[in-house]
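Only one structure is covered here, and it is reproduced in the block below.
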Amino acid sequence: MAGAASLGFTLAFSLLAVFVCAFRREAGEKWGAYLACGALGGAAVASCLLLAAIFQDDFGLEYVANYSSKDLDPLYKFSVFWAGQQGSFLLWLLIHALVGGYLACRKKLAPQGLAVYMLLQALLAVLVLGKSPFLPVAELMEDGVGLNPLLQDPWMAIHPPIIFIGYALLAVPFAYGAGALWQDPKDDGWLEPARKWTLIAWAFLGAGIFIGGYWGWDPVENSSLVPWLLAAVLLHLLKLAKVRPNVRVMAHLAAIFTYSFVLYGTFLTRSGILGDFSVHSFSGTSIGLLIAVVNASVLMAALCQLIWKLKELPQGEIYEGYDNREFLLSLGMLLLVFMAGIIFLGMSMPLLTQLAGKPAAVDTNFYVRTTLPLAVTMLAVLVCCSMRGYGGRCLLQGQKVKMILAGCFVLGAALALAAGVRGILPLLLAGAALLGVGASVLGYPRSGLRLGGTIAHAGLGLGLLAIVLSCSGSQTLSEEFQAGETKSLLGHEITYRGQDFAEDGKGKAYVYEVDGQEVRALTKLHANGSDAAREPAICRTLTGDIYIAPTPPKETGVEELTLKRKQIALAGEEAYLLEGVEGEEGPGGHLRLTAEISVTNGDVVETIKPVIEVSQNRTGNSQPVSVLEGKKRVRLTGMTEDYKKVRLEILPSLAEAEKVAVTASVSTKPYIWLLWLACMAVVVGCLLAVKKK
């Protein structure tokens, strides 16, 4: 097929680029660009072919059949591209190839570095070919399964591409470091371009992490958090290595492990090991072993190269004393490494315990207990770094400065107390976070940080303060609401107005009023009427957000009824009689079954014809039919092969369903908007810092 052939061309051009740049270095500068563009062309053609298949509803491809459908919104048709393993790998390859084409054409990488980058690209191409999105479907289908309702959200539509941009860009500092070791270990010309690419990668990866939602310490979420933390270590070590050449060894190590943990996180996510511990994990497939081999190969090859060239790198002390910035930066990076190590251990627990027996995972409290003291210490180091320059110069001194910093600490702790925080460590973290913001602002520009770095560091402190306020200060309770009932909860007047069902039968909303403001908790429905995905109602205020998450009512008034042909069955005050069944076979093996049923309440008799559509995988889709002037609704849910028996659901009227009492979890997130402001500050600060040395 054309798609597989395009991927083959990408692999071939990438390998040729590796050969030319590695062994024909003079020709590599010229031909490397041509070959990189050829590889980009192959990846672009494959991507266009997959997108065309998605938008043309080509269900002859297994990938399209499994993740798309005819009635899918055009926005989410784009999301289908990266909804599954195959498409997401192709997206990663495309972004990697785009960056590679830029680096080669603009001669941003020496031939040795480009050879390393194109080798990583070849490995990605192997992964895509190993899990190709162009495999034909085993049995032709008229319509696809459709996109997971959890992914049918605008934020989730842009979340994966931004994450993969970060992943692809982290290959660039890896290639710069490996290329420098290969060409001339003593040369430090790679430090500044590697720093700039790391800044961009860190900004994109961080933005993608936070767009994915409020942090829950999910193992798959952690798989992207670990390389993000290590990229922060790499970023600061690259800066320090320009002042202290002896740090270059650690900078090389940071570049190696940052990209290696990108691959390791991919292995955990795609191998299926986390399938029972994360809703974000892909199901287990044979691709997991291939990713593990690629990960191990990249890590071992890079470490062997570093060991081989170790003697040629600058040696000696990194810092001369404990009161200068060199020591403080090293200490801060060590704390980040410890934090990444703890999170790595926690997210790897299912894998480690599986080797010993039954897989198990750690709870979220493990991460909070272990990382909270490290976060407090890291902020203290950040404050000290803002006050000390290279060589031990004191940058911030004087009684006025001390009073301002003390005031920041007290204000941070006071805000946490006002938000309901009572734990000692969270209070310390809140105070230290605002202290970090104050020190970063006061230290500009005396600390050597430009505007971008100052904004990013202040954003970090503000973000940690917001996490303390919104997490440790959060309150949650569960209450049952009758339609029209108003309750005073957590300082707010909350009224439940009932359920509102969408006309197309694809969703419903639980309608609330919070202090007079209407909010809706959305529930997306499967075609058979069951809940598919839920979104809480969110009331946003200056002091924080109020979340209302209803649970499905226990008493829904739904009855199940089995009818035999020509035999009367009773359900409540109504009698049902199956008159007959008609079946019609559609294209692709689909069945459209229609039951003719007579219904009476003793006064009137009505005939209804509910329909169920059965797909090739034997799943049925049906919509309820109103009967007896809307007093009841009937859904056809099953049928025997001989058409002599049918299974029904007898549902209450829409008016009754809308008024059913529901239990809802009501929680507050004080000052959560500060977290999003902090995230924007970090991203903007990083991008501003790219243009500064």
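The values are calculated or read from the model by the stated rules, or taken from the named source; none is laboratory data. Just so it is clear, the structure is predicted and the values come from calculations on it, not from any experiment. Cβ atoms come from the backbone with ideal geometry, glycine included; neighbour counts cover every protein chain shown. Surface accessibility is based on the protein's heavy atoms, side chains included, excluding ligands, DNA and RNA. Shrake-Rupley method; radii C 1.70, N 1.55, O 1.52, S 1.80 Å.
Observations on the structure shown:
- Pairs linking a residue in segment 231-253 that is farther than 11 Å from Gly177 by Cβ to a residue that is open to solvent by 30 Å² or more (accessible area, probe 1.4 Å) and of a type in the set (Ser, Thr, Tyr), with Cβ atoms under 8 Å and 6 or more positions apart or on different chains, are Val243/Tyr390; Arg244/Tyr319.
- In segment 313-325, the count of residues that are at pLDDT 90 or above and hydrophobic (A, V, I, L, M, F, W, C) is one or more.
- Restricting attention to segment 383-418, the residues being among the small types (Gly, Ala, Ser), in contact (Cβ under 8 Å) with a residue 60 or more places away in the chain and part of a helix (DSSP H, G or I) number 3.
- Members of segment 434-476 found to be under 17 Å from Val684 (Cα atoms), open to solvent by 30 Å² or more (accessible area, probe 1.4 Å) and among the hydroxyl-bearing types (Ser, Thr, Tyr), listed by number: Tyr444
- Residue in segment 297-309 that is of a type in the set (S, T, N, Q) and within 15 Å of Ala251 (Cα to Cα) present: yes
- Residues satisfying the stated conditions in segment 550-576, i.e. assigned to a strand (DSSP E or B) and open to solvent by less than 40 Å² (accessible area, probe 1.4 Å): Pro550, Leu561, Leu563, Ala569, Ala571, Glu574, Ala575, Tyr576
- Checking segment 290-307 against the condition returns no match, with no residue being within 22 Å of Leu382 (Cβ to Cβ) and either open to solvent by less than 20 Å² (accessible area, probe 1.4 Å) or modelled with pLDDT under 85 (or both).
- Options Val421, Val519, Val514: the member that is open to solvent by less than 30 Å² (accessible area, probe 1.4 Å), without any contact (Cβ under 8 Å) to a residue 60 or more places away in the chain, in contact with a His (Cβ under 9 Å, 6 or more places away or on another chain) and of a type in the set (Val, Ile, Thr): Val514
- Near pairs, Cβ below 8 angstrom, 6+ apart or cross-chain, from segment 26-53 (more than 18 Å from Leu91 (Cβ to Cβ)) to any residue that is of a type in the set (Phe, Trp, Tyr): Leu35/Phe13; Ala36/Phe13; Gly38/Phe9; Gly38/Phe13
- Under the condition of being open to solvent by 20 Å² or more (accessible area, probe 1.4 Å), in contact (Cβ under 8 Å) with a residue 60 or more places away in the chain and of a type in the set (Gly, Ala, Ser), the residues counted in segment 322-352 number 1.
- If you go through segment 353-367 and keep only what is open to solvent by 50 Å² or more (accessible area, probe 1.4 Å), under 28 Å from Pro426 (Cα atoms) and without any contact (Cβ under 8 Å) to a residue 24 or more places away in the chain, you end up with Asp363, Asn365.
- For segment 214-265, the set of residues classified as in contact with an Asp or Glu (Cβ under 8 Å, 6 or more places away or on another chain) and within 21 Å of Asp363 (Cβ to Cβ) consists of Trp215 only.
- Pairs, first aliphatic (A, V, I, L, M) in segment 541-566, second open to solvent by 60 Å² or more (accessible area, probe 1.4 Å) and assigned to a loop (DSSP other than H, G, I, E, B), C-beta under 9 Å, six or more apart: Leu542/Tyr671; Ile546/Asp515
- Within segment 308-321, the set of residues being exposed (fewer than 13 other Cβ atoms within 10 Å of the Cβ) and outside any helix (DSSP H, G or I) comprises Gln315, Gly316, Glu317, Glu320, Gly321.
A quick yes/no check of all residues on (1) farther than 29 Å from Ala175 by Cα; (2) in a helix (DSSP H, G or I); (3) of a type in the set (Gly, Ala, Ser):
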position	(1), (2), (3)
Ala36	no, yes, yes
Leu40	no, yes, no
Cys48	no, yes, no
Asp57	yes, no, no
Gly87	no, yes, yes
Leu93	no, yes, no
Lys108	no, no, no
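- Total residues in segment 142-191, condition open to solvent by 40 Å² or more (accessible area, probe 1.4 Å) and in a loop (DSSP other than H, G, I, E, B): 10
- Scope segment 597-624; condition open to solvent by less than 70 Å² (accessible area, probe 1.4 Å), modelled with pLDDT of 90 or more and part of a strand (DSSP E or B); matching residues: Ile597, Ser598, Val599, Thr600, Glu606, Ile608
- Considering segment 654-678, the residues that are open to solvent by less than 20 Å² (accessible area, probe 1.4 Å) and within 20 Å of the chain's Cα centre (by Cα) include one that is farthest from Lys632 (Cα to Cα), namely Ala678.
- Verdict on Thr486 being hydroxyl-bearing (Ser, Thr, Tyr) and either within 21 Å of Trp676 (Cβ to Cβ) or open to solvent by less than 50 Å² (accessible area, probe 1.4 Å) (or both): no
- Pair list, Cβ under 6 Å, 6 or more apart: segment 88-105 residue more than 22 Å from Gly179 (Cα to Cα), other residue in a helix (DSSP H, G or I) and among the β-branched types (Val, Ile, Thr): Phe89/Val128; Leu90/Val128
- Only residues that are crowded, with 16+ Cβ neighbours inside 10 Å and over 30 Å from Ala110 (Cβ atoms) were counted in segment 24-50, giving 2.
- Qualifying position, being without any contact (Cβ under 8 Å) to a residue 40 or more places away in the chain, more than 17 Å from Ser88 (Cβ to Cβ) and not acidic (Asp, Glu), among Gly189, Gly144: Gly189
- Verdict on Leu253 being closer than 26 Å to Leu351 by Cβ, open to solvent by 10 Å² or more (accessible area, probe 1.4 Å) and either out of contact with any Ser or Thr (no Cβ under 7 Å at 6 or more places or on another chain) or not in a helix (DSSP H, G or I) (or both): yes
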